[in-house]
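Below: the structure, in structure tokens.
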Amino acid sequence: MKEIIRDLRTKLDGGFFEKEEHVRIAIVARICMALGWDIWNPQEFYTEYPIRMKGRDGSVDVALFHSDLKDRTPDVFIEIKAVGKLKGNIESSEDQLQEYNFYNTASITVLTDGKVWRFYLSSATGTFAQKLFCTINIMENDEDFIQTVFQNILSKSRYALDAVNYAKKMHSDLRLSKDIERAKREANQRIDENPALNMYQLVQLILRERGREFGIEEIKRLWGYKSGVKEEISSQKEDSPAPDKFVIKETPEPQITIGGINDSYTYRNITRIFIVDEWHEVRYWWEAKKVVYERFYDELKNADLPKRMRIMVNKSDHYMPFTLDSRGYVEGHGAANTILNDIKRVLSILGYDPQKDIKIESQPSGAKKRVYR
């Protein structure tokens, strides 16, 4: 799968896919075939699947069926747009997919232009937009994350129960994380009123005041959780319900800055990290963590660390792991500040001073990646 992702990145960057049909055949069908679907069997990979609606007929670009039984229901709907055509058309596309699912529901619905993939859980409550549980961008997200999502959500071998349960877990985590994000914003304003509480405890208190009971470990697990969905929750009053709409964060002209380990890097992309005596170019926050673990592997392999920071032998011991050149696995999931807290703790355990021995070069999210030559 990673080889396919890399090849698609090259072709997307080169503008190879000019039409919607190019996306359907050369991207969607290719990925589905790699995930075990027989794209040559129209009863399994059904293109232009007919939907009979009240007063008119429609069709879904691709419907996936894992069973050959008659009187069956589709497992996945995939609605396809030409590359770049999702921008500005998401709301109308979601309305269309909601109508399709009203008359013939698929377990999972996907909206994609080949580059951006949006995944919806049909059984979730609310508007169709609120059914969104994951978004991936083939050009921007790391390969491990993309591969994990595709394999767990779209692999034929996981249909239908395993894939749907995985989607339900992601959808639930995303909704819970939004409650935590709102509580974190209030906690930042109330931190001086509660000096005896750390941030986790203060967020827990605020959630309890709102009638939501969260354990500290659950708050830590969901701290900064985004599930690949690059959206910012609209500001709202304390007693208002969760928003129906989300506001995409727009970034002004790129500004490359160098900061310390204790600075906030929310809505920023890392470009380089300085560790002890050397700068390392990285593309993603999890790669910064990988740099540290590869450099200090011998010291860390048996270190007494929290589970999310340990080097594990089994990949399944972590939620979204990265590999250390076949020497083990480390958790790569987390927002920028969560990952930097892990790095800070690791260097402190090793006897370094994170204030002096770590520097971060970053730029606003959405800015073009800086290239070093």
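Just to confirm the number: angle between the C-alpha axis of helix 336-349 and the first principal axis of the chain, 0 to 90 degrees, nearest 10?
40
If I fit a long axis through the Cα atoms of helix 2-13 and take the longest principal axis of the Cα atoms of the chain, what angle between them do I get, 0 to 90°, rounded to 10?
80
Could you size up the charge dipole of segment 2-159 around its Cα centre, putting +1 on the beta carbon of Lys and Arg and -1 on that of Asp and Glu, and report it in debye to the nearest 20? List each step's numbers first, then the result.
Values: 20 positive and 24 negative charges, 26 e Å.
Dipole magnitude for segment 2-159 comes out near 120 debye.
To the nearest 20 Debye, how big is the dipole of the chain about its Cα centre, given +1 on the beta carbon of each Lys and Arg and -1 on that of each Asp and Glu? Don't jump to the answer; show the numbers that get you there.
Working: 58 positive and 58 negative charges, 14 e Å.
So the magnitude is around 60 debye.
For the chain, evaluate the Debye formula with one uniform point scatterer on each Cα (no solvent term) and list log10 I(q)/I(0) at q = 0.06 Å⁻¹, rounded to two decimals.
Log-scaled intensity ratios, in q order: -0.25.
Quote the charge dipole size of segment 57-104 about the Cα centre in Debye, to the nearest 20; the model charges only the Cβ of Lys and Arg (+1) and of Asp and Glu (-1).
Details: 5 positive and 10 negative charges, 42 e Å.
Dipole magnitude for segment 57-104 comes out near 200 debye.
Excluding S123 itself, what net charge comes from residues whose Cβ is under 12 Å from its Cβ, given Lys and Arg +1 and Asp and Glu -1?
Summing Lys/Arg as +1 and Asp/Glu as -1 gives +2.
Note the angle between two axes, namely the Cα long axis of helix 161-190 and the longest principal axis of the Cα atoms of the chain, as a number of degrees from 0 to 90, rounded to the nearest 10.
Taking Cα atoms only, the helix is inclined about 40 degrees.
Which of the listed residues, V282, I360, P306, is farthest toward the dipole's positive end in segment 257-364, when Lys, Arg count +1 and Asp, Glu count -1 at the beta-carbon?
P306
Using only DSSP helix segments of four residues or longer, with each worth -39500 (n - 2.57), what per-residue ellipticity at 222 nm results for the chain after dividing by its residue count and rounding to 500? Could you put the intermediate results ahead of the total?
Numbers: 12 runs with 127 residues, N = 373.
Value at 222 nm, helices only: -10000 deg cm²/dmol.
How large is ³J(HN,Hα) for each residue in segment 46-53, as worked out from phi by the Karplus curve 6.51 cos²θ - 1.76 cosθ + 1.60 (θ = phi - 60°), to whole Hz, x for Gly and Pro?
9, 8, 6, 5, x, 10, 8, 10
So what is the orientation-averaged projected area of segment 120-195, using the convex hull of its C-alpha atoms, in nm²?
7.4
I need the calculated FRET efficiency for the pair R210 and D317, taking r as the beta carbon distance and R₀ as 25 Å, to the nearest 0.05. Don't jump to the answer; show the numbers that get you there.
On the way: r = 33 Å, r/R0 = 1.34.
The formula returns an efficiency of 0.15 here.
Loop-only check: which trypsin sites (Lys or Arg not before Pro) in segment 71-155 are DSSP coil with at most 12 other Cβ within 10 angstrom? Before the final figure, lay out each step's value.
On the way: sites: R72, K81, K85, K87, K115, R118, K131; in loops: R72, K81, K85, K87, K115.
Answer by residue number: R72, K87.
Measure up K85/K290; K220/K290; K11/K156; K156/K289 against 30 Å on the Cα-Cα distance and list the ones that go over. Let's see the in-between values first.
Working: K85/K290 35 Å; K220/K290 21 Å; K11/K156 26 Å; K156/K289 33 Å.
Those over the limit are K85/K290; K156/K289.
Around V203, with a cut-off of 12 angstrom between Cβ atoms, what is the net charge of the other residues, counting Lys and Arg +1 and Asp and Glu -1?
Local net charge: +3.
Which entries in K178/K301; K87/K184; K2/K81; K19/K54 show an alpha-carbon gap greater than 28 Å? Please list the in-between numbers first.
Working: K178/K301 34 Å; K87/K184 30 Å; K2/K81 23 Å; K19/K54 30 Å.
Correct reply: K178/K301; K87/K184; K19/K54.
A short reminder: the numbers here are calculations on the coordinates, not readings from a lab. Worth saying up front: this structure is predicted, and the values here are computed from it rather than measured. Every residue, glycine as well, gets a Cβ built from its backbone with ideal geometry; the counts of neighbours run over all protein chains shown.
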